[in-house]
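I have placed the structure first, in the form of structure tokens, so that the comments after it can refer back to it.
A short reminder: the numbers here are calculations on the coordinates, not readings from a lab. This structure is a prediction, so every number in the text was calculated from the model and none was measured. Note that each Cβ is placed from the backbone with ideal geometry, even for glycine, and that neighbours are counted across all protein chains shown.
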Amino acid sequence: MTAPGESVPAAPGDSVPAERGEWSPADPAAVLAGVFDVRDRVVLVTGGASGLGLAMARVLAECGARVVIADRNADRLDEAAADLPSVERALVDVADPAAVDELVDGVVDRHGRLDVAFANAGIGAGRGPGDATGLVDTFDLELWRQVLDVNLNGVVHTVRAAARPMKRQRSGSIIVTASTAGLRQDPYVAYSYVVAKAGVVNLVHQAALDLARWQVRVNAIAPGPFRTNLGGGGSRRPEADARWAAAVPLGRMGDPAEIRGLALLLASDASSFMTGAVYPVDGGQLLQSPPLGPLP
Ligand SMILES: NC(=O)c1ccc[n+]([C@@H]2O[C@H](COP(=O)([O-])OP(=O)(O)OC[C@H]3O[C@@H](n4cnc5c(N)ncnc54)[C@H](O)[C@@H]3O)[C@@H](O)[C@H]2O)c1
């Protein structure tokens, strides 16, 4: 027992008084490592060979997680694996539910569990109603089906497959990559994309409610415009970059590395009381709406 006024020995990670009235952390690195600890967590990232998924995989692997990147692009998987030698790779098309089940079963067979699943794979195709080919009565139905198959069905397949081992474990974190385009209208984004992303937002809400009974958490990240290979990397064209930058109060597109903080937060116990929410990482994009412009 310590008497009132007597000093209490500091435990590791505690804050200790440096001088009277001044506080400093005992060991900031240890506190951070404890709060965001993902060492040995088994993590699956779909669409993990490029862009945002690769940035998520990288930060988790660098923090000591056992990461599996799954992607349908074999060349990019090879490049990513050369870059991140500790990461396992799997060739998969998330639009195929049996292939996604097999992927998750394989991860669980090899590692004994699945702690974190990023349902991140996605594509962009076609234009929005700011273009004559992207109006509600002109958009291409074949592209619609392709985008829905990956961006909505692929996420459903991944969430379903990941939920099974996580329910058995009574723990887990599922993180869906949605989009600011799923939270409001955007004339520069195709109907297929805004509808699929809006769909995954409500999938996250419903699945979070459902899976909370097994202590499994489900959240979404909603990126604004990031410079990645989405849509074939077309966003790297200077005019597209300038348009996206103008739509963002911070005045620029995001760099994939800027997704790392939220990915680590949602994958670790730092978010242990967070479920069913959608977190924008968008440079403030949701604060303003781009004008629709003249009739195309
Ligand atoms: N870049 C942005 O501005 C932005 C904004 C909002 C949301 N997003 C979302 O972020 C996620 C990641 O996209 P990104 O921007 O990193 O693009 P990206 O093209 O760089 O990466 C996407 C990866 O997903 C893979 N993929 C595509 N279809 C697949 C399938 N059927 N099965 C398995 N893998 C598949 C691709 O091969 C690629 O490696 C997507 O869901 C995208 O919709 C991106």
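Structure notes:
- 0 to 90° range, to nearest 10: angle between helix 74-83 axis and the chain longest Cα axis: 30
- Lys/Arg +1, Asp/Glu -1 at C-beta; segment 41-287 dipole; positive extreme among L287, P249, W214: W214
- Considering only G276, L114, V35, the residue lying farthest towards the positive end of the dipole of the chain is G276, judged by Cα position with unit charges set on Cβ.
- Length-normalised contact order for segment 171-296 - Cα pairs under 8 Å, 6+ apart - percent: 32
- If both residues of a DSSP beta bridge must be in the chain, then about 15% of such bridges are antiparallel.
- Size of segment 41-287 as Cα extents on the principal axes (Å, biggest first): 51, 37, 33
- The chain: relative contact order as a whole-number percent, Cα under 8 Å and 6+ apart: 17
- The modelled label-to-label distance between L287 and A74, using points 7 Å beyond Cα along the C-beta direction, is 4.7 nm.
- Packing rank of 33-39, 46-52, where each peptide gets the mean count of other beta carbons within 10 Å, highest leading: 46-52, 33-39
- The slack between D210 and K167, meaning 0.36 nm per residue of separation minus the straight C-alpha distance, is 14.4 nm.
- For Y279, distant residues with modelled amide H under 5 Å away: A220, I221, A222
- Here R237 and A26 are evaluated by their C-beta separation; at R0 = 45 Å the FRET efficiency comes out at 0.35.
- Using Cβ point charges alone (K and R +1, D and E -1), the dipole size of segment 41-287 about the Cα centre works out to roughly 740 debye.
- Distance from segment 87-114 to segment 149-187 (C-alpha centre basis), Å: 15
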